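The values are calculated or read from the model by the stated rules, or taken from the named source; none is laboratory data. In this text, all values refer to a predicted model and were calculated from it rather than measured experimentally. As a convention, Cβ positions derive from the backbone with ideal geometry for all residues, glycine included, and neighbour counts pool all protein chains shown. Remember, those area values only see protein heavy atoms, side chains included, never the ligands or the DNA or RNA. Shrake-Rupley method; radii C 1.70, N 1.55, O 1.52, S 1.80 Å.
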Amino acid sequence: MPRDTNTNKVGSNVTLINVMRLPGLNTLGISLARIDYAPLGENPPHAHPRATEILTVLEGTLYAGFVTSNPDNKFLSKVLNKGDVFVFPEGLIHFQFNPNPYKPAVAIAALSSQNPGAITIANAVFGSKPAISDDVLAKAFQVEKNTVDWLQAQFWADNHN
């Protein structure tokens, strides 16, 4: 059943089935997620600290990619269509975006942990509580402090349900 993708600014809804929702997964080392994408919706850059993810597109088209670790920070991406599969290695920052302005997309993700965790990068960096010092972030991102202040003032959406 399609999930509501209009409840957040990113235009996606991640429904995770992990050990907290299905205790029978305990000790099996797996979990599953359904991701619904609005037209032009995305599952924003995030990482799973305890799992590799295998994404299968069920409907629509997705632009997906990930970045390798330091020092290379190589960006690998691909446009995926119905039936295509893409692997995101454990712990690496990755995303999916629906490039179609008219049609939604749906994918299923299998994760190699009963509790994969999710760190949404923008939420963690700009939406932490308490906030990370704007001096620290301005230097790290090489931007003015007022830019960091503006980013920290945004409402950071959670698309995981």
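For this structure, a couple of remarks:
- Distance between modelled label sites at Glu59 and Leu40, nm, 7 Å Cα→Cβ extension: 2.1
- Within the accessible surface of the chain, defined with a 1.4 Å probe on protein heavy atoms only, the carbon and sulfur portion equals 60 percent.
- Residues of the chain: accessible area per residue with a 1.4 Å probe, Å²: 57
- Using a Förster distance of 30 Å, the FRET efficiency for Thr52-Thr15 (Cβ separation, nearest 0.05): 0.95
- For the chain, the normalised intensity computed at q = 0.09, 0.11, 0.12, 0.20 Å⁻¹ comes to -0.32, -0.48, -0.57, -1.32 (log10 of I(q)/I(0), Debye sum over alpha carbons, equal scatterers, no solvent).
- If you run the Gaussian network model on the chain, springs between alpha carbon atoms under 10 Å, then out of Ala138, Ala118, Ala33 the most flexible one is Ala138.
- Each principal axis of the Cα cloud of the range 81-161 was taken in turn, and the coordinate range along them, longest first, works out to 45, 35, 24 Å.
- Projected onto planes of every orientation and averaged, the convex hull of the alpha-carbon atoms in the range 59-107 covers 3.5 nm².
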